[in-house]
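Following: one structure in C-alpha cells, then a few remarks.
The values are calculated or read from the model by the stated rules, or taken from the named source; none is laboratory data. Just so you know, these numbers come straight off a predicted model, no measurement behind them. Cβ: placed from backbone, ideal geometry, glycine included. Neighbour counts: every protein chain shown. Surface accessibility is based on the protein's heavy atoms, side chains included, excluding ligands, DNA and RNA. Shrake-Rupley method; radii C 1.70, N 1.55, O 1.52, S 1.80 Å.
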Amino acid sequence: MRAFTVHTGLVAPMDRANVDTDMIIPKQFLKSIKRSGFGPNLFDELRYLDEGQPGQDCANRPLNPEFPLNWPRYEGASVLLARENFGCGSSREHAPWALDDYGFRAIIAPSYADIFFNNCFKNGLLPIVFEENIVDDLFKEAEIAEGYELIVDLPRQVVVKPSGEELPFEIDEFRKHCLLEGLDEIGLTLKETDAIRGYESQREKTCPWLFHAIK
Amino acid sequence: MAGKTLYDKLWDAHLVKQREDGSALIYIDRHILHEVTSPQAFEGLRLAGRKPWRLDVNVATPDHNISTDSAERAAGVDAIPDETSRIQVKTLDENCDYFGIREFKMNEMGQGIVHVMGPELGASLPGMTVVCGDSHTATHGAFACLAHGIGTSEVEHVLATQCLVTQKMKNMLIRVDGTLGPGVTAKDVVLAIIGEIGTAGGTGYAIEFAGQVFRDMSIEGRMTVCNMAIEAGARVGMVAVDDKSIDYFKGRRFAPTGEMWDQAVEYWRTLQSDDDAVFDATVELDGSAIVPQVSWGTSPEMVAPVTGSIPRPEDETDPTKRQGIERALKYMGLVGGSPISDIPVDRVFIGSCTNSRIEDLRAAAAVAKGRKVANSVKQVLVVPGSQMVKAQAESEGLDKIFIAAGMDWREPGCSMCLAMNADRLGAGEHCASTSNRNFEGRQGNGGRTHLVSPAMAAAAAIAGHITDVRTLD
C-alpha cells in the first residue's frame, strides 16, 4: 500500500449530504476485475450528461457544467471536502479505488459510513473527521479563495489552513501506523499465525461443527 | 458487573487477539464470495504467492450480474452477451477452481443471491462470524450470526488469514413491541425503523432487534429486517436465537447432524443478550402503529406510510435536510404534499436479498392471484432469490399465478436491485421495488425507486400506482 505522510493539495467541494457509493462509482463499472482505472468514472452520473459505459473513452463525453469537479478551478484537486454520512451504501471498495485513481489523497467530512471509512485506509486514502462547523467554514473558505489548498499532516495529526491555522484531527493508532508505513496488513496478521492456530484448536474442542464445513 | 449483549458474546467468542492499539483480530467462521468483489482479492493472493488459510469455510456463487432471462441462462456462462459480465463470472469460476473453493455455479442447484443461499444451505449457522464482500451480509444476523459486509482488501485478508482486523462496535437495542396489523410485514417494520433513526442512525453500532414483533416474526422476516440494518447505517443487525431459529436449520445441507447437532443447539441457546446487559443506545417503536411503508425519495430514510403524503421541503427547518428533500423531489419528479398513493408505477420488481425468499413470493402471489397487472405497467419482474426458492415456488404453483397475472417469472440473481445486468429502469420510470436502496440511478440511470414490501409491490402492479394493499379491490 502507498504510504501517507504529509500531503498538500487543492481542495474540491462535494456539497451534499449522504453521498452514496452508487453515486461515487455507478454499478456498471463494478464489472471490472481490476483495482485501477476507475478515476474517469468517479461520480459518473453527476459528472457527465450521458450514461457512461465500461471501457468507454471518457475524453469526448459531454460534461455536466454544473458539477464542481468539472470547473477549471478544481482541476488537479486532491483533497475532497464532503458532507455528513459520506460513502453510505454498499461495501464496494471500487468507491475508494475511484477516488484514489482520480487523484484524491484525503477526504474531509463530518461523518462517513462505516464500511467506506474502513475501505479508505486499505488504500492509502485518508478520511478525516471534523465537527460540522469546521467543515462548514472550510466549504466557505474554499469557495471564496480560488486555489485553496490544505496541508494534511498525518504524523502531527493536523490539517493546516492557508492562514497557518492548524486543525487537529483524531485517528486510530493502528490505522495511522499502517498509513505512515504503507504496511501490508495481511503480512502483519500472518505474524500472528500462532495465535490464530491456538484459537482454532481451542474452538474446535468447544464447537466442532464449525470445523466440519463446506464440501 | 453488567451482563453481556448478544454482540458482546459473539465478539468474545471470536476474539483471537486484542491489540494494545485498540484494533483486534477476529476469527471468521464463514466467508461467502461472489463475482463482483472477489476478483481483485484473488489476484492479490496470487501476486503475493499466498493460499487461502482454510478452504472449507469459503463458499461462492455468482449473483450480481448474471442474466435472469431463462434462455440466456440456459445458454451458459460462455454465452453471457455482455463481455465484462462474462469475464467477471468466468473469473469467479476460474478462481474457485484454481484455489479449490466450493462454488455453486450459475445454473447449479444451490446457486442464488449470497444472502439467500447461505442460510438456506445451512452454510451460515447461528453463532458464526459471517463475512462477504457485500454490505447486506447483516442478513445472517437474523439467527444470531455476527455478520457484516467487508471491502475487497478485507476479502483478501480473510482468505489469507481467516481473520479480520477490526474494532468493537457499540451496542444498540431496537425494541419493537406490540402486534403487526394485517398486511404489515417485516419490510414495513424495517423501513419504519430507518425512517425513525435515519440512514446514519446506526453508524458505529451493532443493532439487536428485540421485542414482541421480532419474536412473532419468521426467520425469513427477521432476515429482511437484519438485511437492511446497513440502510440504517449499522454494519450488523441481529436477532437472538429461539426455537424458530433452531428449527429453521434442522436438516439443512451444511448443518451439523447427530451428536454434533445437539452440541450445536446447546451452544446456540446461549446466544441472547443477558437480562442485565447494557446497551449504548436504545430505540423503541410501537409495532401496532406501523402501517405499510413506501419510500418517496432517494435515500431509504425518505419513507412515509402509504396512507400519508410526500413531505413539503418548506416544512423542514434544517437547511441541509431541506436541500436534500428538494433535490430528491426534483429527481423523483414528485411534488411535496401530494398523497403517497398517487405515485404512478411504470415497472415493478419483486426480488433482491431483502425480499426474494419463499414467504416473500407467497405474499406477492396471494395478492396477484386472480388479478391482472394494470395496462399502464410496462413490466413486473418476479426474481426468486435462489434456485431452491425457484424450485419451491414452482412446486407450489406460484410461478403460474404470477404468469397468469401478466408478470415475468425469472431465474435467480440480484437483478434489478442494482441493475448490473439487463434488468433496469429507463430514465424517469417509477418502480415499486422490494429491494433495499432507492439511491439515484441505483436501478438504472435516471430510474426512480419506491421501496415497498412484496405484497405492496404486487398491489402496485395491479393498481398501476402505489396503493394500500390492505384496501386493494
key: Number of the condition not met by residue A:215 [criteria: (1) surrounded by fewer than 21 Cβ atoms within 10 Å (Cβ to Cβ); (2) part of a helix (DSSP H, G or I); (3) out of contact with any strand residue (DSSP E or B) (no Cβ under 6 Å at 6 or more places or on another chain); (4) not acidic (Asp, Glu)]   = (2)
task = Within the stretch B:6-19, work out how many residues are within 9 Å of another protein chain (Cβ to nearest Cβ) and either part of a helix (DSSP H, G or I) or more than 21 Å from residue A:191 (Cα to Cα) (or both).
result = 2
query = Any residue at all in the stretch A:54-72 that is in a helix (DSSP H, G or I) and within 13 Å of chain B (Cβ to nearest Cβ)?
reply = no
ask   = Out of curiosity, is residue B:139 at pLDDT 95 or above, surrounded by fewer than 24 Cβ atoms within 10 Å (Cβ to Cβ) and among the polar types (S, T, N, Q)?
value = no
ask   = Do any residues in the stretch B:247-276 that are at positive phi have Cβ atoms under 9 Å from those of residues that are modelled with pLDDT of 95 or more and of a type in the set (Gly, Ala, Ser), where the two are at least six apart or on different chains, and which pairs are they?
value = B:251/B:122
message = Given the options B:286, B:275, B:342, B:280, name the one that is open to solvent by 70 Å² or more (accessible area, probe 1.4 Å), more than 13 Å from chain A (Cβ to nearest Cβ), under 30 Å from residue A:110 (Cα atoms) and not hydrophobic (A, V, I, L, M, F, W, C).
response = B:280
ask   = So which residues in the stretch B:206-222 are closer than 17 Å to residue B:6 by Cα and either buried (at least 24 other Cβ atoms within 10 Å of the Cβ) or aromatic (Phe, Trp, Tyr) (or both), if there are any at all?
value = B:206, B:207, B:208, B:209, B:214, B:222
note = With criteria (1) closer than 21 Å to residue B:154 by Cβ; (2) out of contact with any Ser or Thr (no Cβ under 8 Å at 6 or more places or on another chain); (3) crowded, with 16+ Cβ neighbours inside 10 Å, residue A:181 comes up short on (3)
inquiry  = Out of B:91, B:161, B:152, I need the residue that is surrounded by fewer than 24 Cβ atoms within 10 Å (Cβ to Cβ), within 9 Å of chain A (Cβ to nearest Cβ) and polar (S, T, N, Q). Which one?
reply    = B:91
key: Test: residue in the stretch A:162-185 that is within 14 Å of another protein chain (Cβ to nearest Cβ) and in contact with a Cys (Cβ under 8 Å, 6 or more places away or on another chain)   = yes
ask   = When you look at residue B:33, is it away from every other protein chain (no Cβ under 11 Å) and either under 30 Å from residue A:177 (Cβ atoms) or touching a strand residue (DSSP E or B) at 6+ places or on another chain (Cβ under 6 Å) (or both), yes or no?
value = yes
query = Is the stretch B:192-205 home to any residue that is crowded, with 21+ Cβ neighbours inside 10 Å, at positive phi and touching a strand residue (DSSP E or B) at 6+ places or on another chain (Cβ under 7 Å)?
reply = no
task = Would you mind telling me which numbered condition in (1) farther than 18 Å from residue B:453 by Cα; (2) of a type outside the set (Val, Ile, Thr); (3) open to solvent by less than 20 Å² (accessible area, probe 1.4 Å) residue B:175 fails?
result = (3)
query = In the stretch A:48-78, how many are under 18 Å from residue A:11 (Cβ atoms) and open to solvent by less than 50 Å² (accessible area, probe 1.4 Å)?
reply = 7
note = Taking the stretch A:94-115 and keeping only residues that are within 14 Å of chain B (Cβ to nearest Cβ), open to solvent by 30 Å² or more (accessible area, probe 1.4 Å) and touching a helix residue (DSSP H, G or I) at 6+ places or on another chain (Cβ under 7 Å), one is left with A:101
ask   = Has the stretch A:191-198 got at least one residue that is modelled with pLDDT of 95 or more, assigned to a loop (DSSP other than H, G, I, E, B) and of a type in the set (Ser, Thr, Tyr)?
value = no
query = If the Cβ limit is 6 Å and pairs must be 6+ apart or interchain, which residue in the stretch B:149-170 that is closer than 21 Å to residue A:87 by Cα pairs with which residue that is hydroxyl-bearing (Ser, Thr, Tyr) and in a helix (DSSP H, G or I)?
reply = B:149/B:135; B:149/B:137
remark   = Filter the stretch B:20-48 for residues that are at pLDDT below 95 and part of a loop (DSSP other than H, G, I, E, B); the one that is farthest from residue B:418 (Cα to Cα) is B:20
message = Residues that are at the interface with chain A (Cβ under 9 Å from one of its Cβ atoms) and either open to solvent by 30 Å² or more (accessible area, probe 1.4 Å) or at positive phi (or both): does the stretch B:223-231 have at least one?
response = no
